[in-house]
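Rule-based calculations on the coordinates, nothing more; no lab input. The shown structure was predicted, so the numbers you read here are calculated from the model rather than taken from an experiment. Every residue, glycine as well, gets a Cβ built from its backbone with ideal geometry; the counts of neighbours run over all protein chains shown.
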Amino acid sequence: MSIFSLKGRTALVTGGARGCGLAFAQSCAEAGADVAIFDVIEPDDTFQALSEKYGVRTAYYEVDVSSEQSLQKGFDRFKSDFSNALDICIPCAGINRHLSFLEFSYQDHHDLLSVNVLGSYFTAQLAARQMIANGTRHGSIILVASIAGQRAIRSQLCSAYCGSKGAVKATCPAIAQELAPHGIRVNSISPGYVRTEMTAGFPQLLESWKGEIMLGRVAEPDDLRGACMFLASDASVYMTGQDIIVDGGVTRW
């Protein structure tokens with residue numbers, strides 16, 4: 001099982017204060033990596049406990065990934081505090097807007113793309129530059145797409161979100177190609193229906209989605225941790241430019 005170990009490595013997770021981002025941060029810490037998170041909200045006790053529970057270093061930075069200045073400042077502080085170490089980056093910060101296509105405003109769409117697409121892209125870019133500079137031999141960038149990038153989401157008004165996640169998934173192989181000569185692997189995870197703070201406000205949707213899922217239940221963020229650990233570790237050393245769908249069978253039924 002040593003190929004799954006992340007001991008001696010450093011991970012950065014955006015949107016890591018809660019939901020899927022927090023689950024990804026937990027999986028990295030459990031495997032032995034030091035973990036830093038970027039978010040616009042402070043993490044709760046779950047993140048704070050990771051350091052003592054797993055004997056790793058943790059840090060939180062208040063960063064808005066939709067702002068070029070905030071993102072660069074966050075990386076500068078992170079780079080200084082962690083002596084330029086970085087092996088794993090998971091750009092997970094994301095937002096959604098439950099609005100119909102005919103009602104969606106330019107500003108709403110702009111704000112969503114700024115987080116979901118530009119935030120993800122430039123987080124990966126800054127991470128890759130840092131990995132190249134520090135000469136890591138274990139570089140892994142894990143983009144967070146969604147099954148929403150492949151299909152309409154029944155009963156949910158999220159056309160812009162679907163487009164943004166489709167962009168993340170489509171970008172993955174192209175980035176992977178460019179970073180392969182530097183020994184950095186780039187893959188994506190496409191979660192299905194997950195019970196998070198983002199979906200908790202729509203209990204009727206969570207209930208209706210159960211009938212679409214082979215496994216008969218909506219995922220919890222912890223259900224994504226295994227895929228994250230696999231892509232972050234040497235267990236996936238010969239894998240790049242790929243997308244792993246973790247959806248309980250929704251897209252195959």
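Packing, as the average of other Cβ atoms within 10 Å across residues, places the peptides 25-31, 123-129, 110-116 in the order 25-31, 123-129, 110-116, highest first. GNM, the chain, Cα, under 10 Å: largest mean-square fluctuation among G183, G201, G192? Comparing G183, G201, G192 in the GNM, the peak value goes to G201. About its Cα centre, the dipole of segment 2-247 is roughly 580 debye, where the only charges are +1 on Lys and Arg Cβ and -1 on Asp and Glu Cβ. For a paramagnetic label modelled on A133 (point 7 Å from Cα along Cα→Cβ), amide N atoms under 20 Å away belong, within segment 8-26, to 9-14.
On full extension, the segment bounded by E42 and A200 gains 55.0 nm, given 0.36 nm per residue less the C-alpha separation.
Working from Cα pairs under 8 Å separated by at least six residues, relative contact order for the chain is 20 percent.
Hey, how much of the P(r) for segment 95-189 falls beyond 24 Å, as a percent of Cα pairs? Of the Cα pairs, 29 percent sit more than 24 Å apart. Remark on segment 2-247: ratio of C-alpha radius of gyration to 2.2 N^0.38 Å is 0.96. For the peptides 86-92, 32-38, 65-71, the ranking by packing is 86-92, 32-38, 65-71, with the highest mean count of neighbouring Cβ atoms within 10 Å listed first.
Rounded to the nearest Å, what's the spacing between the alpha carbon centres of segment 93-115 and segment 168-188? Just the number, please. When both Cα centres are located, 26 Å separates them. For the chain, the mean residue ellipticity at 222 nm estimated from helices alone is -11000 deg cm²/dmol, where every DSSP H run of n ≥ 4 contributes -39500 (n - 2.57) and the total is divided by all residues, rounded to the nearest 500.
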